[in-house]
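Engineer: Dumping the structure here so I can ask a few things about it.
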C-alpha cells in the first residue's frame, strides 16, 4: 500500500509540475491596432503588458504562423509557423527600459485563441522544445528571405543596366561618374556637353539613378516602416519588386519635373543655360551618395541585418549634410563662373534647391519617426 501511495503521489506531482502556473491572462485584452474597414480583415492587433507585477514570472507568448511582432514600434520577432515561447519579464524590461510595453502583432492568420500572452511561473519541456525549433528572431544574422532576395535582385538589375549603358555610352558614363568633375566643375565651362536633356542617353541614365534611389527608399521602408509596409502592401518578394519599380518610374517623372522647374526658375533669373550644369552637378552628388547607401545596405543585409537600422540612420544623415555642402559648393562655383549678383544667386538656389530639399527631408524624418 505504501508503494501504491507513493506512486500516486509521484504521478500527481508530475501532472502539476508539467504545467505552468498562470498568474495573469491577457487573452481578452487584445485590441485592433488600426481602424476596421468593410473591405479588409483585421490583421493587426495590439496589447499593453505590465512588466512590474510578478517580476519573477515569464511571458508565455503564443503566435500564429507568419506573424510579425513589434514591441513599442520596434521589430522584435518573426515566425514562419505556429509558435509558443517564453521570455522573462526582467529580460524584456531591461531590453526596452519601460514598466509597460505595447505588443503589436501583424499576421494574416489572426483569429480567436491563436494569439496569446500570459504571465506564468514554470514551463514544460514541450513548450521549450517548441521555442527552440520554431522561433524566428530578428537579432544577429537573421534577415527575411524575401527582403534579401529583393535587395540583391534589384542590385543586379541596376548593375546590369549600368553595364549596358557603359557599352552604349562609355564617354558619357565616364564623365558622369568622374569624381574630379565635382571639384573642377567642367559642366560649367562653355564646352559643356550636357545640353540635351530629353535625349535617350540622358533619360536612360536618370532612370538608372532613379532605380538606385528607389532601392534605398524601399530598404528604408523595410527597416523603419516595416509594420506599415507589411500591413498595407505586403513583405513578399513580388510586392517589394513592384514597389521598387513603381517608385523608380515615379522618381524619374519627378526628376523631369524638377529639371523643368529649374529651367523655368533660371529663365526668370536670366541665368542662360546654367540649369544644365546646375542639375547634372547635383545629380552626380546624388549618384555618389546613393551608391554609398546601396553598398552599406548590401553589407548589412548579407552579414548583420539587425545593424541595418542604425547604419541606414547614420548614412542617410551623412547624405543629408553631403547634399547641403554640395549646394554650398554649387553656390561658390556659380559665383566664380557666372557674372551674377550674389544675393540673386543665393535666392535662386534657395528657391530651386534648398527649400524643396529641406521640405522633403522634413517629410522623410516625420515618416521615419
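The values are calculated or read from the model by the stated rules, or taken from the named source; none is laboratory data. Not measured: the values here are computed from a predicted model. Because the Cβ atoms are built from the backbone with ideal geometry, glycine has one as well, and the counts that use them run over all protein chains shown.
Engineer: Tell me which of these residue 275 doesn't satisfy, since it passes every other one: (1) closer than 30 Å to residue 149 by Cα; (2) surrounded by 20 or more Cβ atoms within 10 Å (Cβ to Cβ).
Structural biologist: The failed condition is (1).
Engineer: Please work out which one of (1) without any contact (Cβ under 8 Å) to a residue 24 or more places away in the chain; (2) surrounded by 19 or more Cβ atoms within 10 Å (Cβ to Cβ) is the condition residue 233 fails and give its number.
Structural biologist: The one condition residue 233 does not meet is (2).
Engineer: Looking for whichever is touching a helix residue (DSSP H, G or I) at 6+ places or on another chain (Cβ under 8 Å) and touching a residue at least 24 places away in the same chain (Cβ under 8 Å) here; the options are 289, 307. Which one fits? Don't jump to the end; show me each part of the working.
Structural biologist: Numbers: 307 fails: touching a residue at least 24 places away in the same chain (Cβ under 8 Å).
Result: 289 is the single residue among 289, 307 that is touching a helix residue (DSSP H, G or I) at 6+ places or on another chain (Cβ under 8 Å) and touching a residue at least 24 places away in the same chain (Cβ under 8 Å).
Engineer: Kindly indicate whether residue 314 is surrounded by 19 or more Cβ atoms within 10 Å (Cβ to Cβ) and in a helix (DSSP H, G or I).
Structural biologist: no
Engineer: Same structure again: Go through the range 158-189 and report how many residues are surrounded by fewer than 16 Cβ atoms within 10 Å (Cβ to Cβ), outside any helix (DSSP H, G or I) and either modelled with pLDDT of 75 or more or under 30 Å from the mean Cα position of the chain (by Cα) (or both).
Structural biologist: Summing the residues that are surrounded by fewer than 16 Cβ atoms within 10 Å (Cβ to Cβ), outside any helix (DSSP H, G or I) and either modelled with pLDDT of 75 or more or under 30 Å from the mean Cα position of the chain (by Cα) (or both) in the range 158-189 gives 3.
Engineer: Could you tell me how many of the residues in the range 336-352 are within 21 Å of residue 258 (Cβ to Cβ) and at pLDDT 75 or above?
Structural biologist: 9
Engineer: So residue 345 passes all but one of these: (1) buried (at least 16 other Cβ atoms within 10 Å of the Cβ); (2) under 24 Å from residue 216 (Cα atoms); (3) over 17 Å from the mean Cα position of the chain (by Cα). Which condition number does it fail?
Structural biologist: (2)
Engineer: Tell me which residues, restricted to the range 75-113, are outside any strand (DSSP E or B), crowded, with 19+ Cβ neighbours inside 10 Å and in contact (Cβ under 8 Å) with a residue 60 or more places away in the chain.
Structural biologist: Answer for the range 75-113, where residues must be outside any strand (DSSP E or B), crowded, with 19+ Cβ neighbours inside 10 Å and in contact (Cβ under 8 Å) with a residue 60 or more places away in the chain: 107, 110.
Engineer: Check whether at least one residue in the range 79-92 is out of contact with any helix residue (DSSP H, G or I) (no Cβ under 7 Å at 6 or more places or on another chain), within 19 Å of residue 224 (Cα to Cα) and modelled with pLDDT of 85 or more, and report yes or no.
Structural biologist: No, that holds for no residue.
Engineer: Continuing with the same structure: Please tell me if residue 282 is surrounded by 14 or more Cβ atoms within 10 Å (Cβ to Cβ), within 20 Å of residue 351 (Cα to Cα) and either assigned by TED's automatic domain parsing to the domain that holds residue 203 or in contact (Cβ under 8 Å) with a residue 40 or more places away in the chain (or both). Give the derivation first.
Structural biologist: Working: surrounded by 14 or more Cβ atoms within 10 Å (Cβ to Cβ): yes; within 20 Å of residue 351 (Cα to Cα): yes; either assigned by TED's automatic domain parsing to the domain that holds residue 203 or in contact (Cβ under 8 Å) with a residue 40 or more places away in the chain (or both): yes.
Yes; evaluated as a whole, the condition is true for this residue.
Engineer: Oh, and also: Counting just the residues of the range 262-274 that are part of a helix (DSSP H, G or I) and out of contact with any helix residue (DSSP H, G or I) (no Cβ under 7 Å at 6 or more places or on another chain), which one comes out modelled with the highest pLDDT?
Structural biologist: The first filter runs over the range 262-274 and keeps only residues part of a helix (DSSP H, G or I), leaving 262-268, 274.
This time we only want the ones that are out of contact with any helix residue (DSSP H, G or I) (no Cβ under 7 Å at 6 or more places or on another chain), so: 264, 267-268.
Details: 264: 87, 267: 81, 268: 82.
Filtering the range 262-274 for residues that are part of a helix (DSSP H, G or I) and out of contact with any helix residue (DSSP H, G or I) (no Cβ under 7 Å at 6 or more places or on another chain), the one modelled with the highest pLDDT comes out as 264.
Engineer: Now for a separate question. Against the conditions (1) touching a residue at least 40 places away in the same chain (Cβ under 8 Å); (2) part of a helix (DSSP H, G or I); (3) farther than 30 Å from residue 43 by Cα, where does residue 301 fall short? Just the number, please.
Structural biologist: Of the numbered conditions (1) touching a residue at least 40 places away in the same chain (Cβ under 8 Å); (2) part of a helix (DSSP H, G or I); (3) farther than 30 Å from residue 43 by Cα, the odd one out for residue 301 is (3).
Engineer: For the range 55-74, which residues satisfy the criterion of being farther than 22 Å from residue 232 by Cβ, in a loop (DSSP other than H, G, I, E, B) and touching a helix residue (DSSP H, G or I) at 6+ places or on another chain (Cβ under 7 Å)?
Structural biologist: Filtering the range 55-74 down to residues farther than 22 Å from residue 232 by Cβ leaves 55-62.
Applying the additional criterion that residues be in a loop (DSSP other than H, G, I, E, B) yields 55-57.
Within the range 55-74, 55, 57 meet the criteria.
Engineer: With respect to residue 138, is the statement that it is closer than 30 Å to residue 244 by Cα, surrounded by 14 or more Cβ atoms within 10 Å (Cβ to Cβ), touching a strand residue (DSSP E or B) at 6+ places or on another chain (Cβ under 6 Å) and modelled with pLDDT under 50 true? Write out each step before concluding.
Structural biologist: Values: closer than 30 Å to residue 244 by Cα: yes; surrounded by 14 or more Cβ atoms within 10 Å (Cβ to Cβ): yes; touching a strand residue (DSSP E or B) at 6+ places or on another chain (Cβ under 6 Å): yes; modelled with pLDDT under 50: yes.
Yes.
Engineer: Can you tell me which residue among 298, 217, 253, 291 is at pLDDT 85 or above, surrounded by fewer than 16 Cβ atoms within 10 Å (Cβ to Cβ) and under 16 Å from the mean Cα position of the chain (by Cα)? Before the answer, list the steps.
Structural biologist: Values: 217 fails: surrounded by fewer than 16 Cβ atoms within 10 Å (Cβ to Cβ); 253 fails: under 16 Å from the mean Cα position of the chain (by Cα); 291 fails: under 16 Å from the mean Cα position of the chain (by Cα).
After applying the criteria, what remains is 298.
Engineer: Continuing with this model, one more query. Can you tell me which of (1) part of a helix (DSSP H, G or I); (2) over 28 Å from the mean Cα position of the chain (by Cα); (3) surrounded by fewer than 18 Cβ atoms within 10 Å (Cβ to Cβ) is the one residue 307 doesn't meet?
Structural biologist: (2)
Engineer: How many residues does the range 348-368 contain that are surrounded by fewer than 12 Cβ atoms within 10 Å (Cβ to Cβ) and closer than 16 Å to residue 268 by Cβ?
Structural biologist: Selection size over the range 348-368: 1.
Engineer: With the structure loaded, tell me whether residue 277 is within 33 Å of the chain's Cα centre (by Cα) and in a helix (DSSP H, G or I) or whether it fails that test. Explain how you work it out, then say what you get.
Structural biologist: Working: within 33 Å of the chain's Cα centre (by Cα): yes; in a helix (DSSP H, G or I): yes.
Criteria met by residue 277.
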